[in-house]
Amino acid sequence: DAGVIQSPRHEVTEMGQEVTLRCKPISGHNSLFWYRQTMMRGLELLIYFNNNVPIDDSGMPEDRFSAKMPNASFSTLKIQPSEPRDSAVYFCASSQIQGRYTFGSGTRLTVV
Amino acid sequence: QKEVEQDPGPLSVPEGAIVSLNCTYSNSAFQYFMWYRQYSRKGPELLMYTYSSGNKEDGRFTAQVDKSSKYISLFIRDSQPSDSATYLCAIRAYSGGGADGLTFGKGTHLIIQP
């Protein structure tokens, strides 16, 4: 089992550019979560999906953020346009049993 | 008041000591309690999972929940340098259906000195 796979591991982009983060959940897990981690705010839930359907996106900070899950094996988180305050580590996690998450290694985003 | 409060540390103890990590929460609807461990530049990994008051033991780790006080603890016995990491508590309410997002504490940075 390769675990939850996120790409890219690191992303440096200029303010105003579009950023797309990718996630492949563990096969058979029916829930997928996107979190953002910063020193100031810790881990914040952005959005989650059950069976590919978005359930709660109330944590998405602004309309600049969007997420999709076109099938059970792939999800994207897009930021357009990006801003320096979006700099953070973005984690994807998947789960088959409530509360038992498996996290990916994260994408470290730096917007300059 | 934040939903979950956790002292960020750092907490530094000598190898072999007993470590106590704690969180408090404000919402009595929370019924499931977890501890995740996060090594530097890695994603969090599940360490302990419990849904009732009392103690749950797994090797050197013991999770303790006191719902009346809204207080959860993680104890590490015979601490090792490899235990050095950030420990995050996580909680959720019972939804009765599909998975819900967890609410995490900010994490306590633990350092075990050899």
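Kindly indicate which of A:GLY106, A:GLY99 is at positive phi, at pLDDT 95 or above and within 11 Å of chain B (Cβ to nearest Cβ).
The conditions single out A:GLY106.
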Inset, instruction - Answer with yes or no whether A:VAL12 is more than 14 Å from A:VAL89 (Cα to Cα) and either in contact (Cβ under 8 Å) with a residue 60 or more places away in the chain or within 11 Å of chain B (Cβ to nearest Cβ) (or both). - result: no
Legend entry - Number of positions in the stretch B:56-85 that are hydroxyl-bearing (Ser, Thr, Tyr) and either surrounded by 15 or more Cβ atoms within 10 Å (Cβ to Cβ) or closer than 25 Å to B:GLN113 by Cα (or both): 5
Legend entry - Filter pass, A:GLU44 being within 20 Å of B:PHE33 (Cα to Cα) and acidic (Asp, Glu): yes
Inset, instruction - Name the residue, out of B:ALA85, B:ALA63, that is within 14 Å of chain A (Cβ to nearest Cβ) and either β-branched (Val, Ile, Thr) or within 9 Å of the chain's Cα centre (by Cα) (or both). - result: B:ALA63
Legend entry - Of all residues making up the stretch A:36-88, the number that are in contact (Cβ under 8 Å) with a residue 60 or more places away in the chain and closer than 25 Å to B:LEU88 by Cα: 2
Inset, instruction - Identify, by number, the condition in (1) facing another protein chain (nearest Cβ under 8 Å); (2) surrounded by fewer than 21 Cβ atoms within 10 Å (Cβ to Cβ) that B:ALA90 doesn't meet. - result: (2)
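The values are calculated or read from the model by the stated rules, or taken from the named source; none is laboratory data. Please read these numbers as outputs of a predicted model, since none were measured by experiment. FYI the Cβ positions are ideal-geometry reconstructions off the backbone, even for glycines, and counts take in every protein chain you see.
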